[in-house]
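The values are calculated or read from the model by the stated rules, or taken from the named source; none is laboratory data. Worth saying up front: this structure is predicted, and the values here are computed from it rather than measured. Here the Cβ positions follow ideal geometry from the backbone for every residue, glycine too, while neighbour counts run over all protein chains shown. Side chains are part of the model used for accessible areas, which takes the heavy atoms of the whole protein and leaves out ligands, DNA and RNA. Shrake-Rupley method; radii C 1.70, N 1.55, O 1.52, S 1.80 Å.
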Amino acid sequence: DAGITQSPRHKVTETGTPVTLRCHQTENHRYMYWYRQDPGHGLRLIHYSYGVKDTDKGEVSDGYSVSRSKTEDFLLTLESATSSQTSVYFCAISQRGRQETQYFGPGTRLLVL
Amino acid sequence: GQNIDQPTEMTATEGAIVQINCTYQTSGFNGLFWYQQHAGEAPTFLSYNVLDGLEEKGRFSSFLSRSKGYSYLLLKELQMKDSASYLCAVREAGSARQLTFGSGTQLTVLP
C-alpha cells in the first residue's frame, strides 16, 4: 500500500469557519490530488499538484484553495466552509510513468453545520 | 469533457460470475482504470487498460474496446468480500493526468 495519510480523519465545523485538511505521503510521488466524494456524483477532482508550488484547478475548485510547499505534503483549505462542502475528501498520489496509477489515502469525513 | 456511465447497482450470488459494464465518451482517450471501494474506505486500484483487449489478474479481468468506448470488469468465483462499489475512471489525453470517475456500481454478493 502507498504510504498516504490524511488528517484529520473526521471533522465537524460550523459554517463560515476556515478548515484545512492535510495529505502526507512517504512515497516521494510527484503528483498529488484532492477529490471529494458525494452520493450520486462519484469522485470529483478539486485541485491537483504536479510538483512543489505547482498546482492547478480541477472540476469543482470553487471555494477551495491548496498549497504544496514540500513534496510530501498537500494541503486543502476551505476558506469559509459552507454546508455544501460537507463531504468525504480523498487525497491521491501518482508517479510519472506509463500508467501513473493514482493511489488513495484513507479519506477525511467533513461535516459543516 | 467526458461522460462515464455504469449501472448503479448489481446483485449476484456467491460463487457466480458478474460483469460490470462501463461506457464512456471522450475527445481523447489515454487509459481506463477500475477501482474497488468498500463502504467507508478508500478506493483501491484493481486494473488498468490502455489497449484493446482483456487484462487478467486472478479472479478479476478487465476488457477494453476503444472504438466502442466500452469496458467491463469481470469478477469470477464471487466471494462475500467482493461486495463493494466498483468505480470506472477514464484519463483523457492531454488532461494533465486527471481522471474522470463514473458514479460507481454497488455490487452486493448474496450467499
Legend entry - A:Thr17, sole failed condition from (1) under 21 Å from A:Glu72 (Cβ atoms); (2) outside any strand (DSSP E or B); (3) not hydrophobic (A, V, I, L, M, F, W, C): (1)
Inset, instruction - Could you look through the stretch B:24-67, keep only residues that are closer than 15 Å to B:Glu92 by Cβ and open to solvent by 60 Å² or more (accessible area, probe 1.4 Å), and pick out the one that is modelled with the highest pLDDT? - result: B:Arg66
Inset, instruction - Output the number of residues of the stretch A:53-98 satisfying the condition of being within 14 Å of chain B (Cβ to nearest Cβ), of a type outside the set (Lys, Arg) and open to solvent by 50 Å² or more (accessible area, probe 1.4 Å). - result: 5
Inset, instruction - Return yes or no: is B:Ser103 open to solvent by 40 Å² or more (accessible area, probe 1.4 Å) and either outside any strand (DSSP E or B) or within 12 Å of chain A (Cβ to nearest Cβ) (or both)? - result: yes
Inset, instruction - Scan the stretch B:40-58 and give yes if some residue there is out of contact with any Cys (no Cβ under 9 Å at 6 or more places or on another chain), touching a residue at least 40 places away in the same chain (Cβ under 8 Å) and within 14 Å of another protein chain (Cβ to nearest Cβ), otherwise no. - result: yes
Inset, instruction - Output the number of the condition that A:Thr5 fails; it satisfies all remaining conditions of (1) touching a residue at least 60 places away in the same chain (Cβ under 8 Å); (2) outside any loop (DSSP other than H, G, I, E, B); (3) in contact with a Ser or Thr (Cβ under 7 Å, 6 or more places away or on another chain). - result: (3)
Inset, instruction - Scan the stretch A:52-76 residue by residue and report those that are among the hydroxyl-bearing types (Ser, Thr, Tyr) and assigned to a loop (DSSP other than H, G, I, E, B). - result: A:Ser61, A:Thr71
Legend entry - Selection within the stretch B:59-105 - among the small types (Gly, Ala, Ser), over 10 Å from the mean Cα position of the chain (by Cα) and under 24 Å from A:Ser94 (Cα atoms): B:Ala84, B:Ala93, B:Gly94, B:Ser95, B:Ala96, B:Ser103
